[in-house]
Amino acid sequence: MTKKKVALVLGGGAGRGLAHIGVINTLTRAGIMPDLIVGCSIGSLIGAAFAVSGGTDDIKKKMQGYFEGPIFKKLRMNFFKQVSKNERYGFFDTISTFVKKGMLLNVSLTNESFIPKNDFQANIDHFIDDINFDETKIPFACVAVDLVSAQEVILKEGRLRRAIAASSAIPGIFPPVRRELMVLVDGGWLDQLPVSAARKLGADIVIASDIQEDLSENKTFKTAMEVFMRASDITKDTLSFIVSRDADITIVPDVGKINWADFSFMNLCIERGAQATKNVLPDIKAIIGKRKSKFGRLTGGLKNIWREK
């Protein structure tokens with residue numbers, strides 16, 4: 001029997017993405033090494049670091065002191081955390097709020113993004129070696145959104161750092177990556193869990209790590225904005241659920257209540273990623289052992305593939 005290709009899909013979710021480290025560590029300790037890694041946003045950063053080193057030890061080493069250091073502080077994530085906390089908004093809604101309240105107005109009149117390109121790139125360079133995709137130990141791909149064509153794009157060739165920057169470029173906050181006629185931004189604006197990309201790249205079995213925000217019950221709707229934001233959250237949560245059904249198994253670490261801009265819970269996130277993976281290890285081994293999918297696949301897919309020359 002031909003060996004089936006096993007893909008590990010790592011979703012977006014900013015600070016909650018640290019849980020991916022616990023997921024990866026638990027899978028590899030159990031002898032489960034993916035044939036392909038596909039990431040989105042923070043999932044692309046963690047996924048690429050894993051693909052380069054083949055383990056999580058190097059990632060943890062690079063994180064020691066990083067979140068208290070000068071490189072990370074230039075991203076001003078504490079500012080975003082405080083605003084989203086005060087407004088009780090999630091990741092995408094916080095960005096919309098910045099624009100509506102004019103917080104980005106002065107910057108947007110003269111600059112391409114709130115955070116300068118060099119500061120953004122320095123954070124990526126801290127974790128990712130300056131290599132091409134074909135130099136990773138494990139095949140890797142990530143997704144971004146092309147603002148010109150309004151389509152999702154698979155990034156799988158060329159310079160690794162540049163692709164991670166594109167997949168992680170939150171519109172308005174971090175600078176987009178320009179490639180020929182494309183203007184590439186964070187893939188999470190279309191699909192935070194790129195299972196369809198993994199299928200497009202030939203994955204037979206997909207293990208997905210979903211770190212979406214927790215859509216807990218909410219009975220407080222005092223303003224029109226709160227009503228609108230809640231309806232938007234429900235829509236995004238439902239779309240995420242539909243996408244996740246195309247995975248053979250989805251690991252859901254208990255990090256949904258952690259603010260997207262808060263990176264201070266690294267150990268907790270890693271621990272919960274590990275625990276969530278341990279809970280489903282028997283199912284993962286059974287699926288890989290049977291060499292067949294547990295769910296049907298969704299139709300559709302990605303129309304563009306970015307190949308950097």
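Results, tabulated for the structure shown:
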item: Length gained when the stretch D57-E180 is fully extended (0.36 nm per residue, less Cα-Cα span); result: 40.6 nm
item: Under-5 Å amide H pairs with E157, H placed in peptide plane, nonlocal only; result: E308
item: Phi-based couplings in Hz for region 190-198 (Karplus 6.51, -1.76, 1.60; Gly and Pro marked x); result: 10, 7, 7, 10, x, 5, 4, 5, 4
item: Distance from region 1-68 to region 149-213 (C-alpha centre basis), Å; result: 15 Å
item: Relative packing of 25-36, 196-207, which averages over residues the other C-beta atoms within 10 Å, highest first; result: 196-207, 25-36
item: Environment charge of F127, counting only residues whose C-beta is closer than 12 Å and scoring Lys/Arg +1, Asp/Glu -1; result: 0
item: J(HN,Hα) series, region 43-53, from Karplus relation 6.51 cos²θ - 1.76 cosθ + 1.60, nearest Hz, glycine and proline x; result: x, 6, 5, 5, x, 5, 4, 5, 5, 6, 8
item: Under-5 Å amide H pairs with I251, H placed in peptide plane, nonlocal only; result: A208, S209, D210
item: Peptides ranked, highest mean first, by Cβ atoms within 10 Å: ranges 11-24, 150-163; result: 11-24, 150-163
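Rule-based calculations on the coordinates, nothing more; no lab input. These numbers come from a predicted model, not from an experiment. When we count neighbours, we look across all protein chains shown, and the Cβ atoms used for this are built from the backbone with ideal geometry, even at glycine.
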